[in-house]
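Okay, structure first, notes after.
The values are calculated or read from the model by the stated rules, or taken from the named source; none is laboratory data. Computed from a predicted structure; not experimentally measured. Virtual Cβ from ideal backbone geometry, glycine too; neighbours counted across all protein chains shown. Side chains are part of the model used for accessible areas, which takes the heavy atoms of the whole protein and leaves out ligands, DNA and RNA. Shrake-Rupley method; radii C 1.70, N 1.55, O 1.52, S 1.80 Å.
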Amino acid sequence: MARSRRSAWILFCVLWLAFCGALTAADLTSAQLHVAGTHLAVSPVAQTVPFDTPTEVETEMVGFDVAGGTLPASLRVVGEFSGPEIDGTLRLETVPGEPFRIPALRQKGVYELGDLRLLDGDELLAYAEPRAVSITATQILVTRVSTRALTLDEIRSHGIVLGDDSFQAFNLTVGFGFDGETIDYEVPIAYDIAGGGARSFRHANVLPSPPVAKLPPRFRPPQLVPFEIFLEQPESEEESKIPRGGCDMGAECRAPRPAPPMVGVVLFPNEIGLLHQFFSVVLMVQNGAPAGDVLEIHDLTARISLPSGLRQAETEPPTPLGVPVPMHVPGADGELGTADDLTILVAQATADAEFLVEGLSEGTHVVDFEMEGLLHGLPGGVQRLAGSARGSVIVRDPTLSVTINHPDVVRSDEEYDAYFTIANLGNGPVNGLSFAMRQAGLSGVELAAGESATRTVSQLLPGDSATVSFRMKALRTGKLAAATATAGSQIQPTFEFDMGVSDGVPLSPDSLLLPALTAQLDADLLQSAVGLLGLGHSLANAPIQVPGGLSRIPRDVVLNRAYLLAQAARHVHLGEASFEALAVLAAEWAGGRDGDWGWDGVRRDTTRGRDMSQRFGEAFQLEESSAPTAFERFARATHFLRPTVASVDGAGFELEIESRLNGRRSSGWGALAARDVPFAEVVPLDDATLAFVTRAEATGYRLVARRVAASAGSARLRVAVPGVGDADAMPSVDETV
């Protein structure tokens, strides 16, 4: 046994020596393995947002080098969203490098996006740093109101159109306190001076414009409806003999002293309400007398009148509907609702009254206010004040929503198209939808000759939308007003519409006004654009959770897209070739100006977005020429937006964009095409494919020119990349493949 062990040991030693000899006799290949740490980071850790305003939480793979490959397509970043408005938790998902899109919140409080983690399928890879972030939803506080007359240059710069009547224009400035700072929001208003000195307000004819640069990007002012308070006319002959100006009894008559401008606004912080949810209506009035003036407003009260679809919320102590509510002025502490509140408005002071309202039925509801008070300080003694105001709010079932698109102003005997886009924001399909234009609900307008009053949509899938149109004829010139009403059930919903010209009913908040000159654009493209705008508008006012992975969109973003559509039509109207005008519009709608993730998701992930891409391709194809090519025209027209533009010229080829970060692809709008690269678009043409990216990822892209037809020959691949430091530099790549 011992001899056997000794033999084995000797054999081992021999083999070991042989192995060591081999090591010393041969050259070995050496290498170094570099291990780089990568972690998932989210930001910001904490943020504050106003009510009813979507926001974002950024994600980033810190330390990841795309030179080593792309991230697996199965990676997801997941978090649990919770807070006062949410029953339990709401699971939110995104992919590394893209933000969480936080829905708009209507209830005050602190929300948390927690348990943030990186998953590969269902396998946990790592937790984020930090693991949770907080979002505080708060009310925008109205801090002040001021007015001033607009100069002629300012009137023109705002785009206010004044007719042959006698008009005055002024600028209404409302100060909103938010997150420790005051934000001034300016609203240009025009009103006409009718006979007898009576004044009636009209909104300035101003096209919706992009958000003002000085405002924070997520600030959204409430809906504002201006009005004026005036001296009440005497009711009897005896009262008419009371001095009403500067003529004291028995004294020499002096020039009468005019009453101060007394203006105000109705604010609807949530202009879209959901069934059986509460929203706030704030009434504000300012004494416009110069600072230090003796004129004072005493005992100002407001009375609210609600239609049957709304009711006043119960308060403690209770306030019966129709009972006048005192309007208060902040006291020495500067805050309303405290013991030192006042009921006297000295010069430049502002009084407030808030009403809480509950939505009971769907549709557009008009809210009316009546105000009364006493004006002290005029030589003729105390005089009564009176005023009225009205505004509209829409209440909807969160499952279905309708957006109306129509011109702002129409002329007598003019025909126009009214578009209605219905979006299914529920989780199940809706079948057998019916649209009807109520004949009894038309005022100053009628259906065009031969136009049917009904439309039907057979099916609407979750997250999808459909657009129907009615050809209308205006019977008089004026501003268009529209209201919606709904009836029926989820099984077979029916929508009925009322429409009027200059009938005094405020426009529905669900209206998107487009100037008549948008008719300059191709009809099919315009209808697709209206459909995508309507879906975006519905999502902007949707409940907290929407189907199909879509997100709520800031309403200002939707209005901005409508503005850009109108600008493209205006450029065509002024003589610019439609190719160049639509090229700029395509780049702008793909995020070339604001890079909004919510809109980009709707543009890429919905049928409406794919339809719009196809319409762009058809419009480009109509004007494509051999010299210059579509690639050259698009790159030149959109150069100021600095997109990356590429094309493959040659029949039988397709072009694909692939992210070097995560391998996501975009390759056109066919049945099997992918549309996964953010802020990118691929537009197939007859003999070419045009592609562009408006917000390029820092890690770059791969461009793949792929032969898809056996008979295809050679193709030309061209790329134009904006210069890094010089805005006029345009490096390019031109290859034959």
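Miscellaneous remarks
- Residue within the range 588-600 that is in contact with a strand residue (DSSP E or B) (Cβ under 9 Å, 6 or more places away or on another chain), under 12 Å from Val683 (Cβ atoms) and either of a type in the set (Phe, Trp, Tyr) or modelled with pLDDT of 90 or more (or both) present: yes
- Subset of the range 328-359 that is free of Cβ contacts under 8 Å to residues at least 60 places away in the same chain, over 13 Å from Ile297 (Cα atoms) and not acidic (Asp, Glu) - its residue that is surrounded by the fewest Cβ atoms within 10 Å (Cβ to Cβ): Ala339
- In the range 69-99, the residue that is surrounded by the fewest Cβ atoms within 10 Å (Cβ to Cβ) out of those that are of a type in the set (D, E, K, R) and either part of a strand (DSSP E or B) or touching a residue at least 12 places away in the same chain (Cβ under 8 Å) (or both) is Arg91.
- Complete set of residues in the range 362-387 that are of a type outside the set (A, V, I, L, M, F, W, C) and at pLDDT 85 or above: Asp368, Glu370, Glu372, Gly373, His376, Arg384
- Residue identified as buried (at least 19 other Cβ atoms within 10 Å of the Cβ) and in contact with a Lys or Arg (Cβ under 7 Å, 6 or more places away or on another chain) among Glu362, Glu415: Glu362
- Residue match in the range 266-280 (condition: buried (at least 16 other Cβ atoms within 10 Å of the Cβ), at pLDDT 65 or above and under 19 Å from Glu232 (Cβ atoms)): no
- Each residue in the range 560-577 was checked for being open to solvent by 40 Å² or more (accessible area, probe 1.4 Å) and in a helix (DSSP H, G or I), and 5 pass.
- All positions within the range 313-324 that are at pLDDT 80 or above and loosely packed, with under 15 Cβ neighbours inside 10 Å: Val323
- Within the range 100-118, if we keep just the residues that are open to solvent by less than 10 Å² (accessible area, probe 1.4 Å) and out of contact with any Pro (no Cβ under 7 Å at 6 or more places or on another chain), the residue that is nearest to Val49 (Cα to Cα) turns out to be Leu105.
- Any hit, the range 454-468, residues being open to solvent by 20 Å² or more (accessible area, probe 1.4 Å), charged (D, E, K, R), farther than 30 Å from Gly601 by Cα and in contact (Cβ under 8 Å) with a residue 24 or more places away in the chain: no
- Note on the range 42-68: residues that are open to solvent by less than 20 Å² (accessible area, probe 1.4 Å), modelled with pLDDT of 80 or more, touching a Pro at 6+ places or on another chain (Cβ under 8 Å) and within 15 Å of Pro103 (Cβ to Cβ) total 1.
- Matching residues in the range 602-619 - criterion: being part of a helix (DSSP H, G or I), crowded, with 22+ Cβ neighbours inside 10 Å and of a type in the set (S, T, N, Q): Ser613
- Residue among Glu681, Glu658 that alone is touching a residue at least 24 places away in the same chain (Cβ under 8 Å), open to solvent by 20 Å² or more (accessible area, probe 1.4 Å) and either in contact with a strand residue (DSSP E or B) (Cβ under 7 Å, 6 or more places away or on another chain) or not acidic (Asp, Glu) (or both): Glu658
- Of the candidates Ile394, Ile422, the single residue that is of a type in the set (Val, Ile, Thr) and within 30 Å of Pro324 (Cα to Cα) is Ile394.
- Flag if Ala651 is in contact with a Gly (Cβ under 9 Å, 6 or more places away or on another chain), closer than 27 Å to Ala466 by Cβ and surrounded by fewer than 18 Cβ atoms within 10 Å (Cβ to Cβ): no
- Residues in the range 359-386 that are assigned to a loop (DSSP other than H, G, I, E, B) and more than 25 Å from the chain's Cα centre (by Cα): Leu360, Gly377, Leu378, Pro379, Gly380, Gly381, Val382.
- Qualifying residue in the range 645-655 (condition: assigned to a strand (DSSP E or B) and of a type in the set (D, E, K, R)): yes
One line per residue, one yes/no per condition, for (1) surrounded by fewer than 22 Cβ atoms within 10 Å (Cβ to Cβ); (2) among the β-branched types (Val, Ile, Thr); (3) modelled with pLDDT of 80 or more:
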{"site": "Gly504", "(1), (2), (3)": "yes, no, no"}
{"site": "Ser508", "(1), (2), (3)": "no, no, no"}
{"site": "Leu517", "(1), (2), (3)": "yes, no, yes"}
{"site": "Gln520", "(1), (2), (3)": "yes, no, yes"}
{"site": "Gln527", "(1), (2), (3)": "yes, no, yes"}
{"site": "Leu532", "(1), (2), (3)": "no, no, yes"}
{"site": "Leu539", "(1), (2), (3)": "no, no, yes"}
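- Cβ-Cβ under 6 Å pairs, at least 6 apart or on other chains, the range 420-434 side of a type in the set (Gly, Ala, Ser), far side surrounded by fewer than 18 Cβ atoms within 10 Å (Cβ to Cβ) and part of a strand (DSSP E or B): Ser434/Thr456; Ser434/Thr494
- Comparison of Pro429, Pro407, Pro398 shows that the only residue that is at pLDDT below 85 and in contact with a Phe, Trp or Tyr (Cβ under 6 Å, 6 or more places away or on another chain) is Pro407.
- Residues located in the range 620-638, provided they are part of a helix (DSSP H, G or I), open to solvent by 40 Å² or more (accessible area, probe 1.4 Å) and over 19 Å from Ser528 (Cα atoms): Glu623, Glu632, Arg636
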